[in-house]
Every structure is written in C-alpha cells, then in structure tokens.
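Novice: Take a look at the following structure, please.
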Amino acid sequence: MLKAKILVVEDEKDVRELICYNLDKGGYETDTAFTGQMALEKAIDDKPDLILLDIMLPEIDGLEVCYNLKNNGETKSIPVVMLTAKSSEEDINKGLEMGADGYITKPFSIRDLMTHIQTILHQETLDAK
C-alpha cells in the first residue's frame, strides 16, 4: 500500500520538524514548504494527498493559498487542513469559507492532529470508491 503524502506548510522550523517527525513515524510521506508561494508550487507539481497549512506565512498567507488551491482544477480535490494559532470564531469561519476541509488551532495535540488526518484521508478514500 502506498503511503499518503502530506505537504506540511509551516514557516516555524521547530513546529514543521515536530509535525513531520510524527507524520513520518505514523507512516506518512512528508514534504515541506515554508512560504505561501512555495506551497502553491509544490501542491501543483506534486499533488499531495493532504495539505497541512498555516495561515500566517511569508509572501502569500494561508487563506489565500487555500482559496487558490480550491479554485484550481488541478488541486481543488486535495484536502486542506488549516493548522494555525488564529483561533477566533471569525478566523475559523474564514478558513472554512476559503475552502479548508478542517481547522486545527495551535497549540495542538499530536494525537488529535493524527486522528484528524486519518479521518480526512479515510473519507477521501471512501469518496473515491
């Protein structure tokens, strides 16, 4: 069985490494980006199975990245989970309005993150059948 590939878009190196370490340990293949522009390029070129996306990014913020991904025929079906410190009800609603498939606020539990990812990828598998 092929490993699901997850693009981790996070500009804070320590957080990015922590997420990737746990995803790798959980059996996922990971790739990283630390700017919004890099995230768009990698998503279009590599077509990951899921994208974990911070909002506060250099160049292009995560909301705009999400909107662009969800309005591009090549990437619109890739699930996007916002993973961000922006935790107000307004922020969450804005993320979901931009097309995010999930929204996790920092600080977060690795266990909750892994469960969220498994649930979304499982649903994607069911929808594909």
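Novice: Just report the Cα centroid separation between the stretch 72-129 and the stretch 8-56, whole Å.
Specialist: Centre-to-centre distance over Cα atoms comes out at 13 Å.
Novice: 7 Å from Cα along Cα→Cβ at both Leu121 and Ser87: what's the point-to-point distance in nm?
Specialist: For the pair Leu121/Ser87, the computed spacing is 2.6 nm.
Novice: May I pose another question? Which whole-Hz couplings ³J(HN,Hα) result when phi for each residue of the stretch 112-119 is put into the Karplus expression 6.51 cos²θ - 1.76 cosθ + 1.60, θ = phi - 60°, listed in order with x for Gly and Pro?
Specialist: With the stated coefficients, the stretch 112-119 comes to 5, 4, 5, 5, 4, 4, 4, 5 Hz.
Novice: As a test of reading the structure, rank Asp54, Asp11 by solvent-accessible area (1.4 Å probe, protein chains only), most first.
Specialist: Asp11, Asp54
Novice: For Thr32, what residues show an amide H to amide H distance below 5 Å, using hydrogens built from the backbone and excluding near sequence neighbours?
Specialist: It is Val8, by chain and number.
Novice: HN-Hα J couplings of the stretch 51-67 from phi, Karplus 6.51/-1.76/1.60, θ = phi - 60°, integer Hz, Gly and Pro as x?
Specialist: 10, 9, 10, 6, 8, 7, 10, x, 6, 10, 6, x, 5, 5, 4, 4, 4
Novice: Also, I was wondering about something else. Based on the Cβ-Cβ distance from Asp112 to Tyr21, what FRET efficiency comes out when R0 is 22 Å, to the nearest 0.05?
Specialist: Details: r = 16 Å, r/R0 = 0.74.
Calculated transfer efficiency: 0.85.
Novice: For the stretch 31-129, what does the accessible surface come to per residue with a 1.4 Å probe? Please give it in Å².
Specialist: 53
Novice: Give, as a single signed number, the net charge of other residues whose beta carbon lies under 15 Å from the beta carbon of Asn71, with Lys and Arg counted +1 and Asp and Glu -1. Write down the numbers at each step before the final one.
Specialist: Details: positive: Lys70, Lys76; negative: Glu64, Glu74, Glu97, Asp101.
Once all neighbours under 15 Å are counted, the net charge is -2.
Novice: Something else now. Accessible area of Leu96, 1.4 Å probe, to the nearest 10 Å²?
Specialist: Per-residue accessible area (Leu96): approximately 80 Å².
Novice: How much of Met38 can a 1.4 Å solvent probe reach, expressed as accessible area in Å² and rounded to 10?
Specialist: 50
Novice: Still on this structure, I have one more. Please report, as a whole percent, how much of the solvent-accessible surface of the chain comes from carbon and sulfur atoms (probe radius 1.4 Å).
Specialist: C and S atoms contribute 49 percent here.
Novice: Would you kindly derive the ³J(HN,Hα) couplings of the stretch 40-47 from the backbone phi angles with the Karplus curve 6.51 cos²θ - 1.76 cosθ + 1.60 (θ = phi - 60°), listing them in order in whole Hz, with x for Gly and Pro?
Specialist: For the stretch 40-47, the Karplus-derived couplings read 4, 4, 5, 5, 5, 6, 9, 6 Hz, x marking Gly and Pro.
Novice: Moving to a separate point now. Mind running the shape call on the stretch 4-85? Use the C-alpha gyration tensor, a ≥ b ≥ c as the square roots of the eigenvalues: rounded below 1.5 for a/c, prolate if a/b tops b/c, oblate otherwise.
Specialist: Values: a/c = 1.93, a/b = 1.21, b/c = 1.60.
Oblate shape, in that a/c is at least 1.5 and b/c is the bigger or equal ratio.
Novice: Per DSSP helix of 4 or more residues, -39500 (n - 2.57); summed, then divided by the residues of the chain. What does that give at 222 nm, rounded to the nearest 500?
Specialist: -14500 deg cm²/dmol
The values are calculated or read from the model by the stated rules, or taken from the named source; none is laboratory data. What you are looking at is a predicted structure, and each value in this text was computed from that prediction instead of being measured. As a convention, Cβ positions derive from the backbone with ideal geometry for all residues, glycine included, and neighbour counts pool all protein chains shown. Ligands, DNA and RNA are excluded from the accessible area calculation, which covers all protein heavy atoms including side chains. Shrake-Rupley method; radii C 1.70, N 1.55, O 1.52, S 1.80 Å.
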